[in-house]
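Taking it in order: structure first as structure tokens, then the write-up.
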Amino acid sequence: MSQIMNSSEQPLAGNVLADDALISVSGLRKYFPVTRGWMQRKVGEVRAVDDITFDIKRGETFGLVGESGSGKSTVARLILRAYSLTGGSVHFRKADGNVVDLSRLGDREMRPIRREMQMIFQDPYSSLNPRMTLLELVGEPMVIHGVGSQGEIRDRVAELLSLVGLRPEYVLRYPHAFSGGQRQRIGIARALALNPSFIAADEAVSALDVSVAAQNINLMQDLQEKFGLTYLFITHDLGMVEHISDRIGVMYVGRLVEVGDTAEIFNKPLHPYTEALLSAVPQPDPRRRSSGKRVVLKGEIADPANPPSGCYFHPRCRYATDLCRTDTPQLRPVAGRSVRCHYAEELDLTGVGA
Amino acid sequence: MKTTTIQPMPPERLLELDNVHVHFTMREGLVKAVNGVSYHVNRGEVLGIVGESGSGKSVTARSIMKLLARNAIEAEGRIRFRPKPESEIDISALSRQSREMRALRGGSIGMIFQEPMTALSPVHSIGTQIMRTVMLHRGVGKQAARQRAIELLERVQLPKPAEMVDRYPHQLSGGMRQRAMIALALSCDPSLLIADEPTTALDVTTEAQILELLKSLQEEMGMAIIFITHNFGVVADIADRVAVMYLGRVVETGSVDDIFYRPGHPYTRALLQSIPKLGQAPMRRLRTIPGMVPDPFNIPEGCVFNPRCAHAVLGTCNVEAPSVVSFPGEQSVRCHFAGQLPEEVQ
């Protein structure tokens, strides 16, 4: 059961997290200032993430999809507190069962919790220090958190490498000796070093070739099963997200437009943007070749520094009415999902059902 | 492999590559990036070229344009191009700086690239870049060229073409830049457009816009397209015929339906199975291809795919390089066991 809370009411910590949830994000906001001149005068703000609310259940994979600039990576960074929040809360269930609101913690209090939350990055070339060996790279989280002696770290690194399918003898090699797919596995091993319960994977397979991406996705699913991991899987690849996610959230210009069960959303989207996104994906099936059936969106993605009035999607939406131009729809529960559209109940949208 | 005697090209043929080899001299040794690639493009058709990184698909295309790096050695092979029915040009015999080659580039052959930001000049306006191409190849004046530029920008559906013509690439979004690039490539009505991963850097909804645009332009102007991509979805959407490349070789060619519904090469089959398809009952695991693409210094003996192939037979596949087996229709497969492999449900 996914609770949708109005962002204006801030319930007390304690009853805020549903029993099966690991993370609950509520009213999450991140505004970046736009400055001008040598005085760095603030002339505006970019609403990179605006009023995001969703839960991630324990042991599930929650997929976050959207196009570039939609704010999906920023959401992950806010959950991990790599950025400070402009507003909202992030409740996290620690390994000891206590629930904390990460948005209220200072850096020092955040530190022990970072052991339980890790991240895997998109670019396996720039996210690994080329001057560090695998031993140093994969062992670094343990050194930072003061876990284990040198010998223990060495054993653990060897164990982690074999977990991700790399030979433990490679501990003294440098990242340049490995292919893109292998480097991504090094990143996975590093993320696993401190036994986290939650991993945010930001476009973790987007830079890889098809056959290698499939290998790494299978690995991530095996690891999830083995260690009961919870994933936040961020990607623009809708085929991959459908394959790996239990539930998904669709983002458009810093806002969630639809959250729900993956199969249900893919079968029958309730938001016009989700419909357009699904219909835009080129299918590896020539018989489905779009002969005018495809919803081709007009225009460009809205500028988050200068978003349209009302519903952000209205200038590109083929169902838009006057109401959409003036009133901003709220994310509200519709048929077991959350949808941000005035007409979610009335529209009959097309999914990608086989 | 085709015989070495030169056969005349059939009348519908626009471009024919025959046994093309491209090597690069590197500090570490000789990299044989392209090893005997043969494919052809007929007038007005879209040939999709798919393959993973390092398969040589871009290098082959660049050798058609003679845009290879200076350390490239075009070791062998013949590239013939026939822009007009009566004039056949042997591109492989031309030098990269020759007058004929410069007339072809941007004239009869247009090219668009993955990253329009790096392919367009940042210090010239979109209009200037198109005007120069038109003035060079068409020998028209400035006014006429500017008119042509505006007309082209309108044709690629850029909003307000009369204003866009004076904009610089950094003022446009990724999708708009790619449209400007297409306008530039099509400015002299080429008979062949080479599109090297033109939608890879774009978001899906923008990708859909560009694919629809390319399809409608192709219908309107009738040029042939070589569409290079690693995305099977894009190929299924735009191509008439497909060539699948692996390690500098074409392993399979055929009509788009042959490749997707009756793939003959184990590599094509394995690749198709490793892509998650939308709206399909979820599988527990994706099918994978074991191992990884070998590095170019350690190319396997025999069939280059044999160490990763589920059907490889020791003693044959790792010893002898397979030749091309042709099937009725246009499908041909470079595999010892082509046509003998068990049928698989796709």
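The values are calculated or read from the model by the stated rules, or taken from the named source; none is laboratory data. Note that the structure is a prediction, hence the values are computed from the model and not measured. Here the Cβ positions follow ideal geometry from the backbone for every residue, glycine too, while neighbour counts run over all protein chains shown.
A few comments on the model shown:
- Qualifying residue in segment A:291-312 (condition: among the acidic types (Asp, Glu), surrounded by 17 or more Cβ atoms within 10 Å (Cβ to Cβ) and at the interface with chain B (Cβ under 10 Å from one of its Cβ atoms)): yes
- Matching residues, segment B:229-245, being buried (at least 24 other Cβ atoms within 10 Å of the Cβ) and assigned to a strand (DSSP E or B): B:THR229, B:VAL242, B:ALA243, B:VAL244, B:MET245
- Residue match in segment B:195-202 (condition: more than 13 Å from chain A (Cβ to nearest Cβ) and assigned to a strand (DSSP E or B)): yes
- Among the candidates A:GLY69, A:GLY63, residue that is assigned by TED's automatic domain parsing to the domain that holds A:ILE217, surrounded by 22 or more Cβ atoms within 10 Å (Cβ to Cβ) and of a type in the set (Gly, Ala, Ser): A:GLY63
- Checked against the criterion of being surrounded by fewer than 20 Cβ atoms within 10 Å (Cβ to Cβ) and within 14 Å of another protein chain (Cβ to nearest Cβ), segment A:94-107 has no qualifying residue.
- Count - residues of segment A:195-224 that are within 14 Å of another protein chain (Cβ to nearest Cβ), assigned to a loop (DSSP other than H, G, I, E, B) and surrounded by fewer than 24 Cβ atoms within 10 Å (Cβ to Cβ): 5
- In segment A:225-242, the count of residues that are surrounded by fewer than 22 Cβ atoms within 10 Å (Cβ to Cβ), within 12 Å of the chain's Cα centre (by Cα) and not acidic (Asp, Glu) is one or more.
- Where B:GLU252 falls short, out of the listed (1) within 30 Å of A:LEU166 (Cα to Cα); (2) touching a Ser or Thr at 6+ places or on another chain (Cβ under 6 Å): (1)
- Spans of helices (runs of 4 or more DSSP H) in segment A:237-284 with at least 1 residues among the polar types (S, T, N, Q): A:262-267, A:272-280
- When residues of segment A:245-274 are limited to those that are of a type in the set (Asp, Glu) and surrounded by fewer than 23 Cβ atoms within 10 Å (Cβ to Cβ), the one nearest to the other protein chains (Cβ to nearest Cβ): A:ASP246
- Considering residues of segment B:247-279 that are over 19 Å from B:ILE228 (Cβ atoms), at the interface with chain A (Cβ under 9 Å from one of its Cβ atoms) and touching a residue at least 24 places away in the same chain (Cβ under 8 Å) only, the residue surrounded by the most Cβ atoms within 10 Å (Cβ to Cβ): B:ALA270
- Residue within segment A:322-345 that is closer than 30 Å to B:ASN231 by Cβ, away from chain B (no Cβ under 14 Å) and among the acidic types (Asp, Glu) present: no
- Across segment A:166-194, the qualifying residues are those that are within 14 Å of chain B (Cβ to nearest Cβ) and of a type in the set (Gly, Ala, Ser), and the one among them that is farthest from A:LEU229 (Cα to Cα) is A:ALA177.
- Residue within segment B:305-320 that is surrounded by 17 or more Cβ atoms within 10 Å (Cβ to Cβ), among the hydroxyl-bearing types (Ser, Thr, Tyr) and more than 24 Å from A:LEU219 (Cβ to Cβ) present: no
- Hits in segment A:45-101 - residues which are on the phi > 0 side of the Ramachandran plot and part of a loop (DSSP other than H, G, I, E, B): A:GLY59, A:GLY66, A:GLY69, A:GLY71, A:ARG81, A:GLY97
- Test: residue in segment B:104-112 that is exposed (fewer than 14 other Cβ atoms within 10 Å of the Cβ) and either hydroxyl-bearing (Ser, Thr, Tyr) or in contact with a helix residue (DSSP H, G or I) (Cβ under 9 Å, 6 or more places away or on another chain) (or both): no
- Every condition in (1) over 23 Å from B:ALA239 (Cβ atoms); (2) touching a strand residue (DSSP E or B) at 6+ places or on another chain (Cβ under 8 Å); (3) at pLDDT 90 or above; (4) not polar (S, T, N, Q) holds for B:ILE6 except the one numbered (3).
- If only residues of segment B:46-66 that are part of a loop (DSSP other than H, G, I, E, B) and in contact with a helix residue (DSSP H, G or I) (Cβ under 9 Å, 6 or more places away or on another chain) are counted, the one that is modelled with the lowest pLDDT is B:SER53.
- Whichever residue in segment A:225-244 is of a type in the set (A, V, I, L, M) and within 12 Å of another protein chain (Cβ to nearest Cβ) and, among such residues, is farthest from B:GLY51 (Cα to Cα): A:ILE244
- Looking across A:ALA48, A:ALA82, one residue alone is modelled with pLDDT under 95, more than 14 Å from chain B (Cβ to nearest Cβ) and within 30 Å of A:LYS226 (Cα to Cα). It is A:ALA82.
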